[in-house]
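Written below as structure tokens is the structure these notes are about.
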Amino acid sequence: MKKILLSSIFLLGIILPLFAQPGNDKQQNDPSQKIQALYIAFISRELKLTEAEAQKFWPVHTEFDNEVRAVKPDINELERQQTILNIKKKYQERFIKILGSDRTNNFYKVDAEFRKKLVERLQKIRQQRANGGKLKNKKLNSGTDWE
Amino acid sequence: MTDRKDILNELNTISPVVAGIPFVNVFVVPQGYFNRLAESIFINTTEAENIVYPVFEKVPQGYFENLSGNIMDKIKALETCAKDEIHTLSPVLANIGNANIFTVPNSYFEHLAAELTQKCSVVTETEMISATVVSIGNKNQFTVPEGYFNKVTNNIISALPAATKVVKMQGHFRILRYAAAAVIVGLLGLLVFFNLNKNQTSVVDNSVIANAKKILKNNSFDAELATLGADVIEKYLSNNGEDVQAALVANSASENAENLPDAVDYFLDDKTLDEFLNNHNLNRN
């Protein structure tokens, strides 16, 4: 019995780090974690969150975010919007307790603003790609003309 | 006042009879009506049904004083009748009279046991039941040989068959033990792994918080944003329920509100929208 217990502890010592390692690597290399960090930085800056407020706000926000993400994207758009609105209403009181009503209202605006910044960045990348492609085509075309 | 007149007029149209009743309380009865009501109802009822009630005469004087005596006399007179009746039914019962028949002679119960043993011997009764028990007599049958209990353990052990052969566990049983341990550990590991994952979903990761603090400290939000790739942004927006294509069109439209085609252009040329989307790199194709 003692041998079994010892061998179990030994194997647990080997297996647990194996499970834990990929998770850590994933966190470090996952680009979505980088966006998450940018999001936290942006919201904290715009809402002027103090350390104490941040400690209370982010766990509630994570719960809120998980519920919003769980809303299926393939359902009717109106229904989806209504579900998200219901989630916002559900968390409203908790956010107000931490941020106050003005900053809670501001939070939704700032949240939308962050998404807008991402969309703008995406549009810029696409434009750069398109311009790059056009330039490349132009060069190729001019090359053939010259020849 | 006008209201009252209106009501009266309305009532007149509905029921002229009711409207014609003067303002008098119609629910009035003559004085003392209810005091005589029961009596008058009773008289009317008896007259109507021709009921004749018996007229009770007055009880003779001293009737109740002598009542119990009269009843007892009647019972006594009946008792003689009862005796005669019992006599005709059962002369034996009648002969018993009032004597107590459940009496025993003096000190009857003191001598009863002795008398019974005299009459019936135990030995003779036992003989009738079992001759073997009688043959045992008064001899003590529960005796064991001297030192019996001292030797009994050894006797039992010596009587037992030879000891069972002990078979040692082979090597493969040991391997099985380790395999079982590995399975248990594996299950424990999976349990811990899933719990850790569960916690990660409900709490913001510390490394993310640290990165966010770093961005705030260095004021490097725009610089960090500029390093993000298109795929990553698209994936993030999609995961957050955003229709990326629609968001891009909406953003482009708001940015290029002045350059949007006229409503007429859409009628004149089918490709107006496609051209606009292509010019702003928004077309999917």
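Nothing in this text is a laboratory measurement; each read-out follows from the coordinates by a stated rule. Small disclaimer: the values here were computed from a predicted structure and weren't measured. FYI the Cβ positions are ideal-geometry reconstructions off the backbone, even for glycines, and counts take in every protein chain you see.
For the range B:216-235, what are the residues that are surrounded by 17 or more Cβ atoms within 10 Å (Cβ to Cβ) and under 13 Å from A:Gln33 (Cα atoms)? Answer for the range B:216-235, where residues must be surrounded by 17 or more Cβ atoms within 10 Å (Cβ to Cβ) and under 13 Å from A:Gln33 (Cα atoms): B:Glu224, B:Leu225, B:Leu228, B:Val232, B:Ile233. Scanning the range A:60-96 for residues that are hydrophobic (A, V, I, L, M, F, W, C) and either surrounded by 14 or more Cβ atoms within 10 Å (Cβ to Cβ) or under 16 Å from A:Ala112 (Cα atoms) (or both) yields A:Val60, A:Phe64, A:Val68, A:Val71, A:Ile84, A:Leu85, A:Ile87, A:Phe95, A:Ile96. Within the range B:26-83, being part of a helix (DSSP H, G or I) and among the hydroxyl-bearing types (Ser, Thr, Tyr) holds for B:Tyr33, B:Ser40, B:Thr45, B:Thr46, B:Tyr63, B:Ser68, B:Thr80. Close contacts from the range B:222-236, counting a first residue that is more than 7 Å from chain A (Cβ to nearest Cβ) and a second that is among the β-branched types (Val, Ile, Thr), with Cβ to Cβ under 6 Å and a gap of 6+ residues or different chains, come to none at all.
Note on the range B:237-254: residues that are touching a residue at least 12 places away in the same chain (Cβ under 8 Å) and within 7 Å of chain A (Cβ to nearest Cβ) amount to 2. For the range B:84-107, a residue qualifies if it is in a loop (DSSP other than H, G, I, E, B) and of a type in the set (S, T, N, Q), and the qualifying residues are B:Ser90, B:Asn98, B:Asn100, B:Thr103, B:Asn106, B:Ser107. Exactly one residue out of B:Leu11, B:Leu116, B:Leu37 is surrounded by 10 or more Cβ atoms within 10 Å (Cβ to Cβ) and over 60 Å from the mean Cα position of the chain (by Cα), and it is B:Leu11.
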